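Undergrad: Got a structure for you, written out below as structure tokens; questions coming shortly.
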Amino acid sequence: MGTAMAQNKSFFEAAVAIWAITPNGKTLGQKLRAHVKQARLFVSAELENKIHEKTIPSEADESGGRAGNPTIPTDAGDRPVVFHRLSEAVSEQFSAYDCHVFIFSTGIAVRILAPLVISKLTDPAVVVLDEKGLHAISLISGHIGQANNYTRHIARLLNADPVITTATDVNNLPAIDVLAKNLGLFIETPRAIKTINMAFLQNRPIQLHDPLHLVGPWIPAHLIADASRQGPTVVCDWEKQKVSRETLVLRPRVLAVGIGCNRNTPFDVICDFFTTTLHTAGISVHAVAVLATTEVKQDEPGILALAAHFHIPVQFYDTPSLASVKTIQTPSAMVEKHLGVKSVCEAAAILASSNGNLVLPKKKNQDVTLAVALHPTGSLLSAPDQAM
């Protein structure tokens, strides 16, 4: 079925917070912590004879109480982090970890999580254990957050029964959101995830527009409709097109954007040209995997700010590398005069796309130049954060 799918972070590599409020829970938490390199055990003050004071970040972000940019507490050997109020401590640490393991009842967990959950695309995994370690329950973010996978790992470590209730898993069917995450695809219309997964559960074939053949090989053939049949639709493409509100749109990271600018061009000017040019060309910004430019621009504030704004890495190329590209379409005498190369944006885009083809030759205004290249085989170049 083609190349192996991208591997997600395993439970043993994940940042895991383990929460205990009873003696048995603490013992179970210590046992689990011993298996996970980046795990921290949080216990209530009542469990400790002597409270080890620790500073836990408590800045709330503006969107509703969650810590704006929490950090994981500094390790202090095997000693647990002591908290006084469970709900406050979880709130402060919620977004700092890949997975939270609650060793108490699901009722307590649900009440604590209610004001914290935002989206299945960004919420961390939450697994609930009873204090005897009999059951491991995948509570939230089972697919994209990997709670289902983490639950299976925990169950094996503790010889517990994994409790997984997502319908696609229990029916051994593909889940489109898991498939998208594993393939490094940006989910542009997450509201449509349930429509596609429900079609799979009902054994209804879907329409699939997948010109790069990234998704199709991973979906059973009987669940893909031929052109004559109607059904829910999945679009996996870097090119924008009009689709219905119910269509699931996935963007593959297959594009490299070469960019150049006059020194100290403001971020707003660069960003406006970047977004407007891509939109006019029918190119999704969510399909951009990398920005590329000359090494002369390593300290260019506007380009660095653009990369940070869209969570896209930047690659810088030296003059010999840029000069080696022979397939540029729009050479510049001015660039050659100042930098000794015929092109920056086109050459950088081609290099960053693994010598791909230009799908958008150089566009420019008075301050910025931009070009876009596609990987020659349509392979993914990288997978930036979903939050892009």
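Undergrad: Is it the case that region 133-145 has a residue that's assigned by TED's automatic domain parsing to the domain that holds ALA89 and either in a helix (DSSP H, G or I) or in contact (Cβ under 8 Å) with a residue 60 or more places away in the chain (or both)?
TA: Taking region 133-145 first, the residues assigned by TED's automatic domain parsing to the domain that holds ALA89 are 133-145.
Next, only the ones that are either in a helix (DSSP H, G or I) or in contact (Cβ under 8 Å) with a residue 60 or more places away in the chain (or both) stay: 133, 144.
Looking for residues that are assigned by TED's automatic domain parsing to the domain that holds ALA89 and either in a helix (DSSP H, G or I) or in contact (Cβ under 8 Å) with a residue 60 or more places away in the chain (or both), one finds at least one in region 133-145, hence yes.
Undergrad: Still on this structure, I have one more. Consider region 326-364. How many of its residues are modelled with pLDDT of 90 or more and outside any strand (DSSP E or B)? Full working, then the answer.
TA: Filtering region 326-364 for residues modelled with pLDDT of 90 or more gives 345-364.
Among the residues that remain, those that are also outside any strand (DSSP E or B) are: 345-356.
Looking only at that region, the number is 12.
Undergrad: Also, quick follow-up: Residue check, ILE259 against (1) modelled with pLDDT of 95 or more; (2) of a type outside the set (Ser, Thr, Tyr); (3) part of a helix (DSSP H, G or I); (4) crowded, with 16+ Cβ neighbours inside 10 Å, all met but one. Which one?
TA: So the condition that ILE259 fails would be (3).
Undergrad: So how many residues does region 91-132 have that are part of a loop (DSSP other than H, G, I, E, B), farther than 17 Å from THR22 by Cβ and among the charged types (D, E, K, R)?
TA: Applying the first criterion (part of a loop (DSSP other than H, G, I, E, B)) to region 91-132 yields 97-98, 104-105, 114-124, 130-132.
Next, only the ones that are farther than 17 Å from THR22 by Cβ stay: 97-98, 114-124.
In the following step, the residues that additionally are among the charged types (D, E, K, R) were identified as 98, 120, 123.
Selection size over region 91-132: 3.
Undergrad: Among residues belonging to region 203-225 that are within 29 Å of PRO376 (Cβ to Cβ) and without any contact (Cβ under 8 Å) to a residue 24 or more places away in the chain, point out the one that is nearest to the chain's Cα centre (by Cα).
TA: Checking each candidate, the answer is GLY216.
Undergrad: Residue under question is GLY133, and the condition is that it be at positive phi and touching a Leu at 6+ places or on another chain (Cβ under 7 Å); does it hold? Walk me through how you get there before you give the answer.
TA: Numbers: at positive phi: yes; touching a Leu at 6+ places or on another chain (Cβ under 7 Å): yes.
Yes, satisfied.
Undergrad: Does LEU306 fit the bill of being assigned to a helix (DSSP H, G or I), modelled with pLDDT of 95 or more, closer than 29 Å to HIS213 by Cβ and not aromatic (Phe, Trp, Tyr)?
TA: Numbers: assigned to a helix (DSSP H, G or I): yes; modelled with pLDDT of 95 or more: yes; closer than 29 Å to HIS213 by Cβ: no; not aromatic (Phe, Trp, Tyr): yes.
Judged against the criteria, LEU306 is not a match.
Undergrad: Going by what's in this entry, would VAL290 be described as buried (at least 20 other Cβ atoms within 10 Å of the Cβ), touching a residue at least 60 places away in the same chain (Cβ under 8 Å) and part of a strand (DSSP E or B)? Give the derivation first.
TA: Values: buried (at least 20 other Cβ atoms within 10 Å of the Cβ): yes; touching a residue at least 60 places away in the same chain (Cβ under 8 Å): yes; part of a strand (DSSP E or B): yes.
Considered against the rule, which asks whether it is buried (at least 20 other Cβ atoms within 10 Å of the Cβ), touching a residue at least 60 places away in the same chain (Cβ under 8 Å) and part of a strand (DSSP E or B), VAL290 comes out as yes.
Undergrad: Inside region 13-30, can you point out the residues that are under 14 Å from LEU134 (Cβ atoms) and crowded, with 21+ Cβ neighbours inside 10 Å?
TA: GLY25, LEU28
Undergrad: Regarding region 168-187, can at least one residue be identified that is under 25 Å from the mean Cα position of the chain (by Cα), exposed (fewer than 15 other Cβ atoms within 10 Å of the Cβ), modelled with pLDDT under 95 and closer than 21 Å to SER119 by Cβ?
TA: Checked against the condition, which is being under 25 Å from the mean Cα position of the chain (by Cα), exposed (fewer than 15 other Cβ atoms within 10 Å of the Cβ), modelled with pLDDT under 95 and closer than 21 Å to SER119 by Cβ, region 168-187 yields no hits at all.
Undergrad: Select from region 268-287 the residues that are aliphatic (A, V, I, L, M) and surrounded by fewer than 17 Cβ atoms within 10 Å (Cβ to Cβ) and write down the one among them that is farthest from GLN366 (Cα to Cα).
TA: Going through region 268-287, the residues aliphatic (A, V, I, L, M) turn out to be 269-270, 278, 281, 283, 285, 287.
Restricting the remaining residues to those that are surrounded by fewer than 17 Cβ atoms within 10 Å (Cβ to Cβ) gives 269, 281.
Details: VAL269: 10, ALA281: 19 Å.
Filtering region 268-287 for residues that are aliphatic (A, V, I, L, M) and surrounded by fewer than 17 Cβ atoms within 10 Å (Cβ to Cβ), the one farthest from GLN366 (Cα to Cα) comes out as ALA281.
Undergrad: Name every residue in region 188-213 that is out of contact with any Gly (no Cβ under 9 Å at 6 or more places or on another chain) and of a type in the set (A, V, I, L, M), in order of residue number.
TA: Filtering region 188-213 for residues out of contact with any Gly (no Cβ under 9 Å at 6 or more places or on another chain) gives 188-198, 200-203, 209.
Across region 188-213, the qualifying residues are ALA192, ILE193, ILE196, MET198, LEU201.
Undergrad: To continue, here is another question. For ASP272, state whether it is acidic (Asp, Glu) and in a loop (DSSP other than H, G, I, E, B). Talk me through it step by step, then tell me what you get.
TA: Working: acidic (Asp, Glu): yes; in a loop (DSSP other than H, G, I, E, B): no.
No; evaluated as a whole, the condition is false for this residue.
Undergrad: Please specify each residue of region 59-113 satisfying the condition of being among the small types (Gly, Ala, Ser), modelled with pLDDT under 90 and loosely packed, with under 15 Cβ neighbours inside 10 Å.
TA: First pass over region 59-113, keeping only residues among the small types (Gly, Ala, Ser): 60, 63-65, 67-68, 76-77, 87, 89, 91, 95-96, 105, 107, 109.
Narrowing further to those that are modelled with pLDDT under 90: 60, 63-65, 67-68, 76-77.
ALA60, SER63, GLY64, GLY65, GLY68, ALA76, GLY77 - these are the residues of region 59-113 that are among the small types (Gly, Ala, Ser), modelled with pLDDT under 90 and loosely packed, with under 15 Cβ neighbours inside 10 Å.
The values are calculated or read from the model by the stated rules, or taken from the named source; none is laboratory data. What you are looking at is a predicted structure, and each value in this text was computed from that prediction instead of being measured. Neighbour counts run over all protein chains shown; Cβ positions are idealised from the backbone, glycine included.
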